[in-house]
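Before any comments, here is the structure.
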2 protein chains.
Amino acid sequence: MMKKPVLFCALLLSFNCPASTDELPAWNDTPVKQAIEKWVQETTRDGSPDFIPLNKRYVVFDNDGTLWPEAPLTFQLQFAVDEIKRMAPEHPEWQKDPLIAAVLRDDFRAVAASGEKGLLSLVALTHSGMTTDDFAARVRDWLATHKDKRTGCRYDSLGYQPMRQLLDYLRANGFKTWIISGGGIDFMRVMSDNMYGIPPEQVVGSFSLSDYSLGEKGVELQKTMKGAFNDDGASKPVAIHLFMGQRPVAAFGNSDGDLAMLQYATGNPDAKTFGLLVHHTDAAREYAYDSHPTASGKLVEGLSLAQQKGWVVVDMKQDWKTVFDPALCTAP
Amino acid sequence: MMKKPVLFCALLLSFNCPASTDELPAWNDTPVKQAIEKWVQETTRDGSPDFIPLNKRYVVFDNDGTLWPEAPLTFQLQFAVDEIKRMAPEHPEWQKDPLIAAVLRDDFRAVAASGEKGLLSLVALTHSGMTTDDFAARVRDWLATHKDKRTGCRYDSLGYQPMRQLLDYLRANGFKTWIISGGGIDFMRVMSDNMYGIPPEQVVGSFSLSDYSLGEKGVELQKTMKGAFNDDGASKPVAIHLFMGQRPVAAFGNSDGDLAMLQYATGNPDAKTFGLLVHHTDAAREYAYDSHPTASGKLVEGLSLAQQKGWVVVDMKQDWKTVFDPALCTAP
């Protein structure tokens, strides 16, 4: 573990430790990597005019397309599809529902055409009506029994290696790392600690309220669709305020749905801030898309805004030495 | 600072450090204090059969009546009253509203008689319609310019000294301390770090959603009453799941509104748990109440449930050496 020395420095709250080892080996030595390292050094070095106190070092990351892939479907939508297929034999009445029938025959064009209302009904079927514990168990079962079709890897082995190193590097320098994602909060929390070293309370996503009951089995929390909050676009700063209660000093995203979050973080008047967008340019190793109409991850306004605002844009193909961690993928 | 050695032990993740100093000097040496210390030792000592891993040491505290007083009014209701008085001269039309008129003449009997709907309208007047930054500034101004009438102290100097020591003691032993309160989340977060050493993201309370806008002044979050969530009673475990994403191993409260939270924590099947209720028995130094009809803090069901469940009940008069920290109160 090359990371020990710097981590140890952070624990002792001493920021004069030499940064002698490369903390970001999965990043090519391009201006993007240099910009990241420069910002971290300027904001954490003792005596720097841009020093940010420890209790203000809050940084926020989108998840889908920023920390792990979102194509061809987001992993959570794939989970919903697989869950519907798993449960279908017990629900013959579902056959009459054209949307579910489309899911069962993998007709994602028809699923997409059902719009937000259609997607929400699939979420309701697979993300409510069970206890929070049962839901977490289902997600764990799904992770253990399903592989990403393209890579043949477990879904929770597909965190981008450069971004995972970036999370470690920021934490080693005293930053609190948060996920602020359109993905479901209960879904992500099952794997966030293991994948990213981020504890459940620092994972914020779309959510609904649960129902409390006290019965023979003790307290149970039943998942419902009540108070559904879609944590995307202009709702991301709202969620940051609600859950984190601090204005972040840096934000990392990949799509136009992240721009409000980047505006909020980089507009923080009390700090030298940092904004970064991951641009998916690597069809060979991952996917290449921006203005294509995909279910998730359109990046059009963001590319021009990044220039105007001085946000760093990662060219996945040029800036990343590796995309996935070969030691994690258990593909055959 | 006598606390240094133990804190240092916790940082080094070594749990064989001797507990030679008294970490709870504001507690009398009664069975209550002994029960607290016994539970902490049993759950944190290396090799103990009841050892709780560091990443499961989440403990939750109510605020009003548990960490600071809630009588004769909760501090937040007092803030709302003072804000209405401050703003009244600019709003002559308010004179026609019987509820506001009652506030202006300190007729709290009439205010209480207005019920939940009345209180909510006072909250709406004083907790929405401004930016989140402006609201925080108003709370800070109020703290700086108003004193608690009975003690003559600043409101944010009135954290109970024994409970503040308990928070420190738990953190020194690796526990993450959270507030789960019916109080407003944005109100408490202004003073929680300073009063209790609890950062904003670990303070959960009643909340509403804000509105995002991007204008000439950059991003602003406007406080609204949308999606209002009242974090009391059965909603406390719901909020714990939403914000913390972990089932706690201990809960500390003082009223029947905390019982669902105590059931949830002490029903955690994965840990040796701990439940505690503060019983207000000290009319001389603070207040004495339980079944009296007060705006906040009825404790009737809790006293019998505590016996049945083995929860510890603090007799404020017997168990606390001091109530407030004389070094903090700046009374004349």
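Taking 7 Å steps out from each Cα toward its Cβ at B:THR21 and B:SER291 produces label points 4.4 nm apart.
Ligands, DNA and RNA excluded, the heavy atoms of B:ARG45 present near 120 Å² of accessible surface to a 1.4 Å solvent probe. Close amide H contacts of A:TYR58 (hydrogens built in the peptide plane, cut-off under 5 Å, sequence separation of 5 or more or a different chain): A:LYS176, A:VAL249. With K and R counted +1 and D and E -1, the other residues having a Cβ less than 12 Å from that of B:ASP141 yield a net charge of 0. Computed with a 1.4 Å probe on the full set of protein chains, the accessible area for A:THR266 sits at about 30 Å². As a length-normalised measure over Cα pairs under 8 Å and 6 or more apart, the relative contact order of chain A settles at 23 percent. Taking all protein chains together and a 1.4 Å probe, the residues A:ASP133, A:ASP186, B:ASP231 rank A:ASP133, A:ASP186, B:ASP231 from largest to smallest accessible area. Quick check on chain B: helices-only [θ] at 222 nm, where DSSP H runs of length 4 and up contribute -39,500 (n - 2.57) each and the sum goes over total residues. Nearest 500, please. Taken over chain B, the calculation gives -11000 deg cm²/dmol. A straight Cα-to-Cα reach below 20 Å connects B:LYS272 with the lysines A:LYS217, B:LYS33, B:LYS38, B:LYS56, B:LYS176, B:LYS309, residues fewer than 8 places away in its own chain not being considered. Note on region A:170-284: Rg/Rh from C-alpha atoms, Kirkwood Rh, equals 1.04. Summarising the amide proton neighbourhood of B:THR131: residues at separation of 5 or more, or on other chains, whose placed amide H is nearer than 5 Å comprise B:LYS223. Legend: residues in region B:221-241 shielded by at least 40 square angstrom of accessible surface upon adding the remaining protein chains to the isolated chain (1.4 Å probe, heavy atoms) are B:LEU221, B:VAL238, B:HIS241.
Only protein atoms count toward the accessible area here, which uses a 1.4 Å probe; on the protein assembly as shown, the carbon and sulfur part of that area reaches 54 percent.
Per residue, the solvent-accessible area of the protein assembly as shown (1.4 Å probe, heavy atoms of protein chains only, all protein chains present) comes to 44 Å². Computed over neighbours whose Cβ is under 10 Å from that of A:ILE180, the net charge equals -3, Lys and Arg +1, Asp and Glu -1. With an 8 Å Cα cut-off and a minimum separation of 6 or more residues, compute the relative contact order for region A:197-286 in percent. That works out to 20 percent. Computed from the C-alpha gyration tensor, the three semi-axes of the ellipsoid equivalent to chain B are 35, 22, 20 Å, from longest to shortest. In region B:254-268, the residues that give up 10 Å² or more of accessible area when the other protein chains are added, compared with the chain on its own (1.4 Å probe), are B:ALA260, B:GLN263, B:TYR264. Computed with a 1.4 Å probe over protein heavy atoms only, the accessible area of B:ILE100 comes to about 10 Å². Close amide H contacts of B:CYS153 (hydrogens built in the peptide plane, cut-off under 5 Å, sequence separation of 5 or more or a different chain): B:ASP148. In plain terms, the chain from A:LYS217 to A:GLU42 could stretch by 57.7 nm, reckoned as 0.36 nm per residue minus the Cα-Cα distance. The stretch between A:ALA113 and A:LYS226, if pulled fully straight at 0.36 nm per residue, gains 38.2 nm over its current Cα-Cα span.
Interface size, chains A and B: roughly 2900 Å² of accessible area buried, both sides included, 1.4 Å probe, rounded to the nearest 100. Distance from the Cα centre of region B:180-249 to that of region A:162-240, in angstrom? When both Cα centres are located, 15 Å separates them. In whole angstrom, the protein assembly as shown maps to an equivalent ellipsoid with semi-axes of 42, 29, 28, each derived as √(5λ) from the alpha carbon gyration tensor and ordered largest first. Starting from the Cα of A:ASP134, step 7 Å toward the Cβ, then list every residue of region A:210-232 with an amide N under 19 Å from that point. Flagged as within label range: A:210-226. Once you reduce region B:57-134 and region A:252-324 to the center of their Cα atoms, the two points are 44 Å from each other. If you take all other residues with their beta carbon under 13 Å from the beta carbon of A:GLY218, and give Lys and Arg +1 and Asp and Glu -1, the sum is -1.
The values are calculated or read from the model by the stated rules, or taken from the named source; none is laboratory data. Please read these numbers as outputs of a predicted model, since none were measured by experiment. A quick note on method: Cβ atoms are made from the backbone with ideal geometry, for glycine too, and the neighbour counts reach across all protein chains shown. To get the accessible areas, we keep the full protein, side chains included, count just its heavy atoms, and leave off ligands, DNA and RNA. Shrake-Rupley method; radii C 1.70, N 1.55, O 1.52, S 1.80 Å.
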